[in-house]
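Beneath this line is the structure, given in structure tokens, with notes to follow.
The values are calculated or read from the model by the stated rules, or taken from the named source; none is laboratory data. Quick caveat: nothing in here was measured; it's all calculated off a predicted structure. For neighbour counting, all protein chains shown are included, and Cβ atoms are generated from backbone atoms with ideal geometry for every residue, glycine included. These accessible areas exclude ligands, DNA and RNA; they are computed on the full protein's heavy atoms, side chains included. Shrake-Rupley method; radii C 1.70, N 1.55, O 1.52, S 1.80 Å.
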Amino acid sequence: MYLVTAKEMRNLDRYTIDHLGVPGVVLMENAGKAVAEEIMHRFPEPKTAVILCGSGNNGGDGWVVARHLQFRGWKVYLWLVGAVEKMAPDARVFYEVCQRLTRIEIDPQQERDQLRRHLEQADVVVDALLGTGATGQLRPHIAEVVALVNQQSKAFVVAVDLPTGVDADTGGVLTEAVQADLTVTFAFPKWGHYLRPGADYSGEVKVADIGLSPCASPELEPSARINLPSDWQHHLPPRSAWAHKGTHGHLLVVGGSRGMLGAAVMAGEAAYRTGAGLVTITVPSSEQLPLSAKVTQQMVWSWPGESTFSPDSWQMIEERRTRFSAVAIGPGLGRFAGEADWLGELMKRMEVPMVLDADALNILSDHPSLLQKRPSPFATVLTPHPGEMARLLACSVAHVESSRRQAAGELAQKTGAVVVLKGRYTIVAFPDGKQILNLTGSPALAKGGAGDLLTGMIGSLLAQRIPLGAAVPMAVYLHGKAGELAVSSVPHSVMFSDILSAIGPALRQCCQ
Ligand SMILES: NC(=O)C1=CN([C@@H]2O[C@H](COP(=O)(O)OP(=O)(O)OC[C@H]3O[C@@H](n4cnc5c(N)ncnc54)[C@H](OP(=O)(O)O)[C@@H]3O)[C@@H](O)[C@H]2O)[C@H](O)CC1
Ligand SMILES: [K+]
């Protein structure tokens, strides 16, 4: 499923109407009817609704909603908040239908006692004021009505396409926004539904098919998609009865400095759970023995070239590096003298797909040129949380969080790496500008170790030679799904081991 900007939506709209000739009023009828059906699905018995319509086509959808609810016995209070003479032509068609059906209140733009009274009676309020056509800060008369809607607390609030006041592309709030319980959007979800604070105003987001043309040509192709198993589940290799431990890849995990061995172990365990045939963890030689006593299924080596960083001390890697089909660097890595040369040497020598996380990213922040050491065409995946992203882009965390889509895209384009910007809705950004938004996840993942798990899962799927464009979104989706499935009681008490155990069920749910 695509994820669109307002402009991409308009392009698809225009193609359907102008090029294919589907009348706009047909799309509007389908849109309004879809909203009415979602409402009646939640309220099977007729209730009282206040429907607030702007002058544009978002308002047009509102007139259609009003007619359908009224036909099904609802008490409907209809309000035009805007100027009739400025009404969009398609909206005008349905406005005039409503005029023949019932009284339409015109917002007086000063005292609004009547509107308050209607809102107090409402079981449902429909926000059809502004949709994807909103630009700039809300004009006062709209902002005042939005405030009135938010002041009443009884009604179930349904936003048409977008909550009024939410920017379709950034999720930013234009002055203020309608706090919706449900948003019914059309054809494809918009970025604004999943970027804060817009995500907090959207409530549950339902996507209605209104008969819009699917993407008909490359130039119309939106640049983003929602992460869905249907896009990659066929890439998970089946388990042949003839398989052996060498059949499903060998991941090298590099990390685990003193006091942070657990991170490397967790990444390694997650890699096994996600299907890797072999996992080797490398830790500082001082930690190798203690760790060997702790882990069973994973081989434990010391860091390559740890002592002298001289070329010949990399012999171990030279002799064995072809054994590995992917490498993950970072879980519990820590910072140390000579880190840049060491990481650069490792990045250069490992001619396999590579995941960089945690302190490997922080070292990269101080030495961005290290990425140029990566031998092409081997892929590199960066998995920053917002703090690491801020360091990589030399900006503030607030800036990253207020422009997640742009930040992820910028780093991917700048580095040529695949960027996984973690968060409630993780974004996977590719160097060619394509992006994938992931919707799975749970507050249970807001704990130490969750990032190490994801690093191990991405490394595991890359080690199994799953194509990059499938391996990364698959791992991100499964990681979030495992976080959901791990919650047996409350998310507060979920442990790393619960999430680890949930990887298998998540795989079964998505890939069988
Ligand atoms: N394929 C689809 O997705 C379909 C979507 N539909 C609906 O159409 C809207 C988009 O309609 P559009 O007319 O382009 O724009 P809006 O209705 O969202 O808003 C335009 C009106 O709002 C006024 N406006 C703009 N910015 C502000 C602001 N900051 N404050 C107050 N008012 C604002 C604008 O006034 P102007 O003076 O600028 O003209 C317009 O009056 C989409 O969201 C869907 O709901 C179709 O119904 C079906 C197909
Ligand atoms: K709206």
- Determine which single condition residue 115 fails, assuming it passes every other condition in (1) surrounded by fewer than 17 Cβ atoms within 10 Å (Cβ to Cβ); (2) more than 16 Å from ligand 1 (Cβ to nearest atom). (1)
- Only strands (runs of 3 or more DSSP E) wholly contained in region 403-512 count here; list those with 1 or more residues that are more than 17 Å from residue 232 (Cβ to Cβ). 418-421
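Filter region 220-251 down to residues that are polar (S, T, N, Q) and at pLDDT 90 or above and give me whichever is surrounded by the most Cβ atoms within 10 Å (Cβ to Cβ).
Ranking the candidates gives 227 first.
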- Of the residues 27, 69, which single one is in the same structural domain as residue 116 (by TED's automatic domain parsing), in a helix (DSSP H, G or I) and either under 30 Å from residue 220 (Cα atoms) or among the basic types (Lys, Arg) (or both)? 27
- If you go through region 82-94 one residue at a time, do you hit one that is closer than 26 Å to residue 219 by Cβ and charged (D, E, K, R)? yes
- Could you list, in sequence order, the residues of region 103-130 that are modelled with pLDDT of 95 or more, within 16 Å of ligand 2 (Cβ to nearest atom) and not aliphatic (A, V, I, L, M)? 127
- Query: If you check 121, 114, which single one turns out to be over 23 Å from residue 185 (Cβ atoms), more than 32 Å from the chain's Cα centre (by Cα) and touching a residue at least 12 places away in the same chain (Cβ under 8 Å)?
  - Reply: 121
- Query: Do we have any residue at all in region 131-151 that's buried (at least 19 other Cβ atoms within 10 Å of the Cβ), away from ligand 2 (no atom under 12 Å from the Cβ) and at pLDDT 95 or above?
  - Reply: no
- Query: Only one of 114, 109, 121, 99 is touching a helix residue (DSSP H, G or I) at 6+ places or on another chain (Cβ under 6 Å), among the polar types (S, T, N, Q) and farther than 20 Å from residue 200 by Cβ; which?
  - Reply: 109
- For region 72-86, enumerate the residues that are of a type in the set (Lys, Arg) and assigned to a helix (DSSP H, G or I). 86
- Query: Of the residues 64, 84, 93, 97, which is β-branched (Val, Ile, Thr), more than 19 Å from residue 152 (Cβ to Cβ) and open to solvent by less than 30 Å² (accessible area, probe 1.4 Å)?
  - Reply: 64
